[in-house]
Amino acid sequence: MELGPYLLLATLEGAVTAAVLALTASGLALVFGVMRVVNVAHGEFFMLGAVIAWWVASHIGGAPVWGFTAALVLAPLIVGAIAAAADMTVLKRLDYDPERTIVATIGLLYILQQATLMTYGPDARPVEPPFNQRLALPWIEWTETGLGLYWPWGLSTTSYKLAVIGAAVVVLLGIWALMTRTRIGLLMRATQLDRDMALAFGIPVERVYALVFGLGAALAALAAVLIVPIQQAHYLMGHDPLLLSFIVVIIGGLGSLPGTILAAIFIGLTDGIISVFFSPTLAKILATLLVALVLVFRPQGLFGTRAA
Amino acid sequence: MLELDAIGTGYGKAQVLRDFSLSVNAGEILCLFGRNGAGKTTAMKAIMGLLPLWSGDVRIDGEAVGALPAHQVPLRGIGYIPQGRRLFTELTVAQNLEIGLRARNSGPEVLDEVLDLFPRLRERYRQRAETLSGGEQQMLATARALCLRPKALLLDEPTEGLQPSMIEAIRQVILRMRDQGVAVLLVEQRVDAVLSVADRVAFIENGRNGEILSAEALRADHTLVDRYVGI
């Protein structure tokens, strides 16, 4: 294959990574933005989403589309409920102290991971995609008669991968609408801007926090349900999403949702392209190096406004 | 209306208020007066439930609110205008007011009333709060608190850093609220500003009660002011 089609293929793979990463990272950014909690267990909520998706899908018979649809609804709800419960029983009792919540979420990380290992086991298990047509993609070339299309061997994607990208766009638009157009979004933003004043104007900050923590985890779980037909569910699968989410949130500017999404697209695409042309490890190395550079030269992130 | 009964509170282990008592009647402006660090702002935070009470209690209309979660205190009808305004800066004027309105389910007529008091806010309605001038921000902070239809109003240095015309506008609103039967607790540093609006003046010194005098008595005899503020 020539370079052009190869690059298109890598970009498409990168776009899927970017879509899933944007969902996961915006959950992390939401939690940090509103609650100022660095949620180290975020990757485990992602993993739980995938494992629950497998569990739901394997308990529902019939066509794969039913199991997958049920997982798409149930997994984020269950994971969100677990996270909200963790917020009310653990984080609230620590008064959301920045250092202690980091330690607490590290603990949560191992509890969730090891509980999954003991119940679900160490195997990687797939979930069948609801639909999965192979779509061959054309490329342009010069022929004697001028510009022509041809279908290079190996240049293809699947309808499911395109659906993942579409679903991520829809969900992110939904989150944007929730934050800017609804009453509950207004309360979340007010809480984010000034917690004490939110209290002084009767906003039930504790309930807002539980909701935000649940919502952040549900976003990670939703991202995992979308990716699990491509990647398989495994109890250690939370590491990479956690690392990449932190990279994205730091580059995008802590707590800034638009910055997070732009950074997710950038990191996702470069990760896809570098992984295809070189190696996935090099992609992670470069992304981490970028974080170091951002922290040195622009600590508030590329799109952040406040000093972190 | 608003009663502080021998409250004690502070930050961490440092006690600021000790057995501090105060009572503001409906339709009265009580001015809390004292040096920097005497505990004026701390008293306001304690009323709002933002600082836990170590002892004593706060009562509104006879109902003890000292043990309530902080977000339920304003629902009893307390509007708070904090020092430095503390607006929701990234939200618009409309959104800041909406947060005030929703607290006690105030209807659109309350919003109209408040905007009639501050016509400038109507012009800036869709602007972000951080883009307003200092005086307009103080108007918004006041309007936001009035959106609660407060029975008691707490103002922490509302005229700090404002030009005279703005100070006068804020003063007029305070007087109007008093005439509508609101209990007003005012913290103010400038003696002339206090004496021109207050009905009574309560002195606070090192977190303890000082004398409580009528404003008229103070206007007649300035020596007490000098003693507490030490000019």
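Readers should treat all values here as calculations from the given coordinates under stated rules, not as data from a laboratory. Keep in mind it's a predicted model, so treat the numbers as computed, not measured. No Cβ is skipped: glycine too gets one built from the backbone with ideal geometry, and neighbour counts run over all protein chains shown.
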Under 20 Å by backbone N from the virtual spin label 7 Å along Cα-to-Cβ at B:ASP179, the residues of region B:1-36 are B:25-31
In nm, give the distance between the simple-model label positions of B:ALA14 and B:ALA220, each being 7 Å from the Cα along the Cα-to-Cβ direction.
4.0 nm
Per-residue counts of other Cβ atoms within 10 Å, averaged by peptide: what ranking do you get for B:186-193, A:265-272, A:69-76, A:147-154, highest first?
A:265-272, A:69-76, B:186-193, A:147-154
If A:HIS42, A:HIS239 are placed from fewest to most neighbouring beta carbons inside 10 Å, the sequence is A:HIS239, A:HIS42
With contacts defined as alpha carbon pairs under 8 Å and 6 or more residues apart, what's the relative contact order of chain A in percent?
36 percent
Charged-residue dipole, Cβ positions (Lys, Arg, Asp, Glu), chain A about Cα centre, Debye nearest 20
700 debye
Calculate the mean, over all residues of peptide A:201-210, of how many other protein chain Cβ atoms lie within 10 angstrom of the residue's Cβ.
5
Hey, what's the Kirkwood Rh for region B:88-149 if you take every pair of different alpha carbons, in angstrom?
11.1 Å
Selection from B:SER165, A:THR89, A:GLY4 lying farthest towards where the dipole of the protein assembly as shown points positive, charges on Cβ:
A:THR89
If you place +1 on the Cβ of every Lys and Arg and -1 on the Cβ of every Asp and Glu, how big does the dipole about the Cα centre of region A:143-243 come out, in debye to the nearest 20?
320 debye
Quick one: angle between helix A:239-252 and the longest Cα principal axis of chain A, in degrees between 0 and 90, rounded to 10, please.
80 degrees
Checked against the positive end of the charge dipole of chain B (+1 on Cβ of Lys and Arg, -1 on Cβ of Asp and Glu, about the Cα centre), the farthest of B:ASN209, B:LEU91, B:LEU30 is B:LEU91
How many nm separate the modelled label positions at B:ARG227 and A:THR145, each set 7 Å beyond the Cα in the direction of the Cβ?
10.7 nm
Can you give the % of DSSP beta bridges in the protein assembly as shown that are antiparallel, to the nearest 5?
60 percent
Segment A:ILE102-A:VAL170, extension gain: residue separation times 0.36 nm, minus the distance between their alpha carbons
21.4 nm
With only helices counted (DSSP H, runs n ≥ 4, each -39500 (n - 2.57)), the per-residue ellipticity at 222 nm for chain A, to the nearest 500, works out to -24000 deg cm²/dmol
Bin by bin, in steps of 20 Å, what percent of the Cα pairs in the protein assembly as shown do you find, going until the bin that has the longest distance?
20, 41, 27, 11, 2, 0
Are there GluC sites (Glu not before Pro) in region A:2-88 that DSSP marks as loop and that have at most 14 other Cβ atoms within 10 Å, and which are they?
A:GLU2
For a Förster distance of 25 Å, can you work out the FRET efficiency between the beta-carbons of A:TYR110 and A:PHE278, rounded to the nearest 0.05?
0.15
Note on chain B: the mean projected area of its alpha-carbon convex hull, in nm², is 12.0 nm²
Among A:PHE46, A:PHE201, A:PHE32, A:PHE277, rank each residue by its count of other Cβ atoms within 10 Å, from fewest to most, as a rough exposure measure.
A:PHE277, A:PHE32, A:PHE201, A:PHE46
Let's see if you can work this out: charge +1 on each Lys and Arg Cβ, -1 on each Asp and Glu Cβ, no other charges. What is the dipole magnitude of region B:88-149 about its Cα centre, in debye to the nearest 20?
120 debye
Summarise the partner chain shielding of A:185-198 as one whole number: the mean count of Cβ atoms from other chains within 10 Å of each residue's Cβ.
5
Residues in region B:80-105 near a label at A:ASP194, defined as backbone nitrogen under 17 Å from the 7 Å Cα→Cβ point?
B:80-103
Please identify, among A:LEU226, A:LEU28, A:LEU187, the residue showing maximal mean-square fluctuation in a Gaussian network model of chain A using a 10 angstrom Cα cutoff.
A:LEU187
Placing each pseudo-label 7 Å from Cα in the direction of the beta carbon, A:ARG183 and B:ARG126 end up separated by a distance in nanometres of 2.4 nm
Take each uninterrupted DSSP H stretch in chain B, measure its Cα extent along the helix axis, and return the ones at 20 Å or beyond whose mean Kyte-Doolittle hydropathy is at least -1.0.
B:164-179
